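Novice: Can you keep this structure in mind? I'll have questions shortly.
The values are calculated or read from the model by the stated rules, or taken from the named source; none is laboratory data. It should be emphasised that the depicted structure is a prediction, and the values quoted were computed from it without experimental measurement. These accessible areas exclude ligands, DNA and RNA; they are computed on the full protein's heavy atoms, side chains included. Shrake-Rupley method; radii C 1.70, N 1.55, O 1.52, S 1.80 Å.
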Amino acid sequence: MLTEMRLQIDDSILLSLKESKTAFIKEMLFQHAIQLYRKHKLSLGKAAELAGYTRLEFIRKLQAESEPIFDYDEALINEMINSPKTTLHIVQE
């Protein structure tokens with residue numbers, strides 16, 4: 001199931017940015033997907049889906065933007081090192 005959303009933006013903004021409507025929407029979705037991924041509200045796969053990319057394309061785009069792909073805190077990293085089951089569970093998410 002898909003949900004359609006409507007957004008109104010003044011044409012002068014697109015002209016100022018020198019972007020097409022399609023490019024603007026794609027970038028806006030990508031930026032929002034990054035924010036949701038950073039906040040751990042979406043997994044990497046779901047963030048990629050929101051942005052309209054495959055996982056690999058999304059990872060490459062994150063790298064191009066110098067965004068961290070994995071953002072684990074020290075406790076989780078230590079747990080991953082010490083527990084292969086935890087690591088396998090995290091990687092499969």
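Novice: How do the helices (runs of 4 or more DSSP H) wholly within segment 1-55 filter down when requiring 1 or more residues that are of a type in the set (A, V, I, L, M, F, W, C) and within 11 Å of the chain's Cα centre (by Cα): which remain?
Specialist: So the answer is 21-38, 44-51.
Novice: Looking only at segment 22-34, count how many residues are within 14 Å of LYS61 (Cα to Cα), of a type outside the set (D, E, K, R) and open to solvent by 40 Å² or more (accessible area, probe 1.4 Å).
Specialist: Residues meeting the conditions: 4.
Residue by residue, here is whether (1) at negative phi; (2) modelled with pLDDT of 85 or more; (3) of a type in the set (Val, Ile, Thr) holds:
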residue: GLU4; (1), (2), (3): yes, yes, no
residue: ILE13; (1), (2), (3): yes, yes, yes
residue: PHE24; (1), (2), (3): yes, yes, no
residue: GLU49; (1), (2), (3): yes, yes, no
residue: LYS61; (1), (2), (3): yes, yes, no
residue: ASP73; (1), (2), (3): yes, no, no
residue: GLU79; (1), (2), (3): yes, no, no
residue: ASN82; (1), (2), (3): yes, no, no
residue: LEU88; (1), (2), (3): yes, no, no
